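Visitor: The structure's right below; bear with me while I get my questions together.
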Amino acid sequence: MPEVPLPPDFSWRTIDQLARRVGGYCWWEHRLFELTGRWASGTGDPEIRVLFSQMSARHAAFSLQWRDRLPARAGVDVTALVVATSRADADALTLLEVQSDDLLRLGGLIEVVLPRLHSAYRAHLTQASAVSEGPVIEVLRQIAAAGDREMGQGQALLRPDQRPGRSGRPTPQGAGNVEEFCRTLERSFEAASDKSPTAWAS
């Protein structure tokens, strides 16, 4: 029997509160676009680099959509709104940025970064007011669908044993390295868990 969904917890936000939230989303999507685009043009596992290229295009598009939903008002510096929501978020992506191994990059994205970000998106979607946040809800729904596909594609490359005809990548040592790196990323986020992406929708 399917679970009965809980009623949405509508939360009214001021224009400034929503602008800060959307600015944070825009920052995240732009940073993911930058990172995956840079990795796609480098050397390494060709299948992973193809996925990075696809991810880069998606995150670029969502970054632009979030920017389009920032308030266009006199005296409002839109650029100033596109900032990290916390130092922990910026530090975690710096850890990811300096990682040179494609498998660890992919693992960090798929196992830690994207699940946290999409958890915040889903929570916001359940709390958003259709009256005041219609354009935001539209983007949240698009990202939710794209995020599920993206994480599924990444999981398939992280666990090739689940796909017939693929080689045994990653090796047990490689899988262990991914797990260790993911724990490091988790600790970086938890350094300021009250300001991490998963707390945005509260």
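The values are calculated or read from the model by the stated rules, or taken from the named source; none is laboratory data. Just so it is clear, the structure is predicted and the values come from calculations on it, not from any experiment. Methodologically, a virtual Cβ is constructed for each residue, glycine included, from the backbone with ideal geometry; neighbour enumeration extends over all protein chains shown. In case anyone asks, the SASA skips ligands and DNA or RNA and just uses the protein heavy atoms, side chains included. Shrake-Rupley method; radii C 1.70, N 1.55, O 1.52, S 1.80 Å.
Visitor: On the given criteria, is residue 38 in contact with a Phe, Trp or Tyr (Cβ under 9 Å, 6 or more places away or on another chain), among the basic types (Lys, Arg) and open to solvent by 10 Å² or more (accessible area, probe 1.4 Å)?
Guide: yes
Visitor: Give me the pairs, please: first residue somewhere in the stretch 91-108 and of a type in the set (S, T, N, Q), second residue anywhere and buried (at least 16 other Cβ atoms within 10 Å of the Cβ), beta-carbon distance under 6 Å, and either six or more positions apart or on two chains.
Guide: Note: pairs meeting the criteria are 99/105.
Visitor: When the stretch 48-91 is examined, which residues are found to be in contact with a Lys or Arg (Cβ under 9 Å, 6 or more places away or on another chain), over 14 Å from residue 29 (Cα atoms) and either surrounded by fewer than 17 Cβ atoms within 10 Å (Cβ to Cβ) or hydrophobic (A, V, I, L, M, F, W, C) (or both)?
Guide: 48, 78, 87, 88
Visitor: Being at pLDDT 90 or above, in a helix (DSSP H, G or I) and either of a type in the set (S, T, N, Q) or within 24 Å of residue 183 (Cβ to Cβ) (or both): is that true of residue 64 here?
Guide: In short, no.
Visitor: Of the residues in the stretch 29-75, how many are closer than 21 Å to residue 132 by Cα and out of contact with any helix residue (DSSP H, G or I) (no Cβ under 9 Å at 6 or more places or on another chain)?
Guide: Selection size over the stretch 29-75: 1.
Visitor: I've got another one for you. When both residues are 6+ apart or on different chains and their Cβ atoms are under 8 Å apart, which pairs have a first residue that lies in the stretch 111-126 and is open to solvent by less than 40 Å² (accessible area, probe 1.4 Å), and a second that is of a type outside the set (Gly, Ala, Ser) and not in a helix (DSSP H, G or I)?
Guide: 120/200; 123/200; 124/200
Visitor: Separate question: Is it the case, given these coordinates, that residue 198 is at pLDDT below 90, of a type in the set (S, T, N, Q) and not in a loop (DSSP other than H, G, I, E, B)?
Guide: The answer is yes for residue 198.
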